[in-house]
Amino acid sequence: MKTIILAVDREHPDESAIRQAGEILKNGGLVAFPTETVYGLGGDGLNAKSSEKIYAAKGRPSDNPLIIHIADLESLDRIVSHIPEKARMMAGEFWPGPLTMILKKSDAVPYETTGGLDSVAVRMPSHPVALSLIRLGGGYIAAPSANTSGRPSPTKAAHVEEDLTGRVDMILDGGEVGIGLESTIVDFTEEIPVILRPGYISQEMAEAVIGPVRMDRGLLITDEKVKPKAPGMKYRHYAPKAGLTIVEGSTEQVIKTINERSRILQAQGKQVGVIGTDETVGAYEAQVIKSIGTRQDEETIARHLFGLLREFDEEQVDHIFSESFDTPRMGQAIMNRLLKAAGHHLIHV
Ligand code: TXA
Ligand code: MG
């Protein structure tokens, strides 16, 4: 398959380019596109064949359901059988934006899109390119993150090209995304809403709108027996080719420990990489040292995480050490992704 790559302006996307992409979707094809969180791999969410194509292009197990993206609230009625009051309140507060809600599905949604479940994940993104593509592409775009299954989610079009060239009909290049981590997923099929995946919208932000919200036990406990409720959260994800160890503790202790461990590995002839911040990169001794962002602005850390993990795959390093980023608001989301990338390999000093 030949993949057409089209650059589009984020704020004022060229209507004819989006129209062309929309036609591809309506005809059952696949288009990768930017959202404010990460790039998505889109197909018509109400077309079972399109969803099957998405799983094939990503190399994703078909029991792992897709998120349907909509562009206005009226579109919700067709794909869900019931909208709980709390879900309505959350939509009012956070849509369009980085919030995905799990609701009971209607018959219009094929089981191919929901991985066989009776619930459906729905999100209204805020990115102007995504919104206009949804409108011109039939109104219901099923889109997982536009990476090959297991790799870090793409935060720019070049990442999508690495993974999906030849596997999708078109890639819309809208530049770098703003948030860099996938949306917060909240399940409304239970009495007390449950966060299945942490993201930009934190538990506190949700609770300020609808009262008590739980965190899925599968997220908090690393016990193999407690399975996360979002099927996708059980898979090993984001892992760079080199081994990754997270070191947690006071800044001073973390730097000291990483440098000690690096020296030991280097003495064995190994190449070492370090993920630090603008505040600390000068203090490390290793072959490849990268800053993820600044602790003065946690959003920079979230935005650069996936890109940095991809960059390390290009480097000849045998092992990577990373600082821990348990920052005030997005810390839960950042650490959820980083711990997965590290296969939960964390040392506390
Ligand atoms: O920010 C995002 O959400 C991005 C952009 C493209 O919108 N999309 C994204 O999709 O991250 P994906 O497929 O990579 O992750 C969707 C997650 C998976 O973990 C999946 O198992 C879960 O949502 N999910 C989808 N439908 C579900 C359902 N009905 N019940 C429980 N979990 C569900
Ligand atoms: Mg994904």
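The values are calculated or read from the model by the stated rules, or taken from the named source; none is laboratory data. Here the structure is a predicted model, which means the values were calculated and not measured. Neighbour counts run over all protein chains shown; Cβ positions are idealised from the backbone, glycine included. SASA here: full protein model, heavy atoms, side chains in, ligands and nucleic acids out. Shrake-Rupley method; radii C 1.70, N 1.55, O 1.52, S 1.80 Å.
Return the residues of the stretch 140-175 that are assigned to a strand (DSSP E or B) and within 11 Å of ligand 1 (Cβ to nearest atom); say none if nothing qualifies.
Matches in the stretch 140-175: I141, A142, S145.
Within the stretch 282-299, can you find the residues that are touching a residue at least 24 places away in the same chain (Cβ under 8 Å) and either hydrophobic (A, V, I, L, M, F, W, C) or open to solvent by 60 Å² or more (accessible area, probe 1.4 Å) (or both)?
Pass one, the stretch 282-299, residues touching a residue at least 24 places away in the same chain (Cβ under 8 Å): 283-288, 292, 295, 298-299.
Residues satisfying the conditions are A283, E285, A286, Q287, V288, I292, R295, E299.
Go through the stretch 248-268 and report how many residues are closer than 20 Å to E314 by Cα and open to solvent by less than 60 Å² (accessible area, probe 1.4 Å). Reasoning before the result, please.
Pass one, the stretch 248-268, residues closer than 20 Å to E314 by Cα: 262, 265-266.
Still in the running and open to solvent by less than 60 Å² (accessible area, probe 1.4 Å): 262, 265.
Total satisfying the criteria: 2.
State whether the residues of the stretch 121-135 include one that is open to solvent by 50 Å² or more (accessible area, probe 1.4 Å), within 18 Å of the chain's Cα centre (by Cα) and at pLDDT 95 or above.
Restricting attention to the stretch 121-135, the residues satisfying the condition of being open to solvent by 50 Å² or more (accessible area, probe 1.4 Å) are 135.
Okay, now just the ones that are also within 18 Å of the chain's Cα centre (by Cα), so none.
No: zero hits.
Does G174 count as touching a Lys or Arg at 6+ places or on another chain (Cβ under 9 Å) and at pLDDT below 95? Give the derivation first.
Values: touching a Lys or Arg at 6+ places or on another chain (Cβ under 9 Å): yes; at pLDDT below 95: no.
No; evaluated as a whole, the condition is false for this residue.
Answer with yes or no whether P34 is surrounded by 22 or more Cβ atoms within 10 Å (Cβ to Cβ) and within 16 Å of ligand 2 (Cβ to nearest atom). It would help to see each step written out before you state the result.
Values: surrounded by 22 or more Cβ atoms within 10 Å (Cβ to Cβ): yes; within 16 Å of ligand 2 (Cβ to nearest atom): yes.
Answer is yes for this residue.
Being under 25 Å from the mean Cα position of the chain (by Cα), outside the structural domain of L181 (by TED's automatic domain parsing), outside any loop (DSSP other than H, G, I, E, B) and not aromatic (F, W, Y) is true for just one of I258, I264, I275. Which residue is that? Let's see the steps before the verdict.
Values: I258 fails: under 25 Å from the mean Cα position of the chain (by Cα); I264 fails: under 25 Å from the mean Cα position of the chain (by Cα).
Being under 25 Å from the mean Cα position of the chain (by Cα), outside the structural domain of L181 (by TED's automatic domain parsing), outside any loop (DSSP other than H, G, I, E, B) and not aromatic (F, W, Y) holds for just one of I258, I264, I275, which is I275.
Any residue that is among the hydrophobic types (A, V, I, L, M, F, W, C), at pLDDT 95 or above, open to solvent by 10 Å² or more (accessible area, probe 1.4 Å) and part of a loop (DSSP other than H, G, I, E, B) - is there at least one of those in the stretch 224-238? Even if it seems obvious, please write down each step before you answer.
First, pick out the residues of the stretch 224-238 that are among the hydrophobic types (A, V, I, L, M, F, W, C): 226, 230, 233.
Applying the additional criterion that residues be at pLDDT 95 or above yields none.
The answer is no, given that none of the residues of the stretch 224-238 is among the hydrophobic types (A, V, I, L, M, F, W, C), at pLDDT 95 or above, open to solvent by 10 Å² or more (accessible area, probe 1.4 Å) and part of a loop (DSSP other than H, G, I, E, B).
Exactly one condition in (1) in contact with a strand residue (DSSP E or B) (Cβ under 7 Å, 6 or more places away or on another chain); (2) buried (at least 19 other Cβ atoms within 10 Å of the Cβ); (3) part of a helix (DSSP H, G or I) is not met by A302; state its number.
(1)
For D118, all conditions in the list (1) of a type in the set (D, E, K, R); (2) more than 17 Å from A230 (Cβ to Cβ); (3) surrounded by fewer than 17 Cβ atoms within 10 Å (Cβ to Cβ) hold save one; what is the number of the exception?
Just one mismatch for D118, condition (2).
For every residue, the table says whether it meets (1) within 13 Å of ligand 1 (Cβ to nearest atom); (2) touching a strand residue (DSSP E or B) at 6+ places or on another chain (Cβ under 6 Å); (3) over 19 Å from N27 (Cα atoms).
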{"residue": "E74", "(1), (2), (3)": "no, no, yes"}
{"residue": "I83", "(1), (2), (3)": "no, no, yes"}
{"residue": "I102", "(1), (2), (3)": "yes, yes, yes"}
{"residue": "L131", "(1), (2), (3)": "yes, no, no"}
{"residue": "L136", "(1), (2), (3)": "no, no, no"}
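Sort through G150, G116 and tell me the only one that's farther than 24 Å from A206 by Cα, under 15 Å from the mean Cα position of the chain (by Cα) and assigned by TED's automatic domain parsing to the domain that holds N47. Full working, then the answer.
Values: G116 fails: under 15 Å from the mean Cα position of the chain (by Cα).
The conditions single out G150.
If you go through the stretch 207-218 one residue at a time, do you hit one that is assigned to a strand (DSSP E or B) and among the small types (G, A, S)?
Going residue by residue through the stretch 207-218, those that are assigned to a strand (DSSP E or B) are 214-215.
Still in the list and also among the small types (G, A, S): none.
Checked against the condition, which is being assigned to a strand (DSSP E or B) and among the small types (G, A, S), the stretch 207-218 yields no hits at all.
Is there any pair with a first residue in the stretch 30-55 that is over 13 Å from R167 (Cα atoms) and at pLDDT 95 or above and a second that is of a type in the set (A, V, I, L, M) and surrounded by fewer than 21 Cβ atoms within 10 Å (Cβ to Cβ) whose Cβ atoms are under 7 Å apart and which are 6 or more apart or on different chains, and what are they?
Close Cβ pairs (under 7 Å, with a partner that is of a type in the set (A, V, I, L, M) and surrounded by fewer than 21 Cβ atoms within 10 Å (Cβ to Cβ)) amount to L46/A108.
Considering the stretch 176-197 alone, what residues qualify as being touching a strand residue (DSSP E or B) at 6+ places or on another chain (Cβ under 8 Å) and within 12 Å of ligand 1 (Cβ to nearest atom)? Full working, then the answer.
First, the residues of the stretch 176-197 that are touching a strand residue (DSSP E or B) at 6+ places or on another chain (Cβ under 8 Å): 182-189, 192-197.
Passing the criteria: E182, S183, T184, I185, V186, D187, F188, T189, V194, I195, L196, R197.
Answer with yes or no whether G199 is at negative phi, not in a helix (DSSP H, G or I) and not assigned by TED's automatic domain parsing to the domain that holds A302.
Working: at negative phi: yes; not in a helix (DSSP H, G or I): yes; not assigned by TED's automatic domain parsing to the domain that holds A302: yes.
Yes: the conditions hold for G199.
Is there any pair with a first residue in the stretch 140-158 that is free of Cβ contacts under 8 Å to residues at least 60 places away in the same chain and a second that is away from ligand 1 (no atom under 11 Å from the Cβ) whose Cβ atoms are under 9 Å apart and which are 6 or more apart or on different chains, and what are they?
Every condition considered, the pairs that remain are A158/D173.
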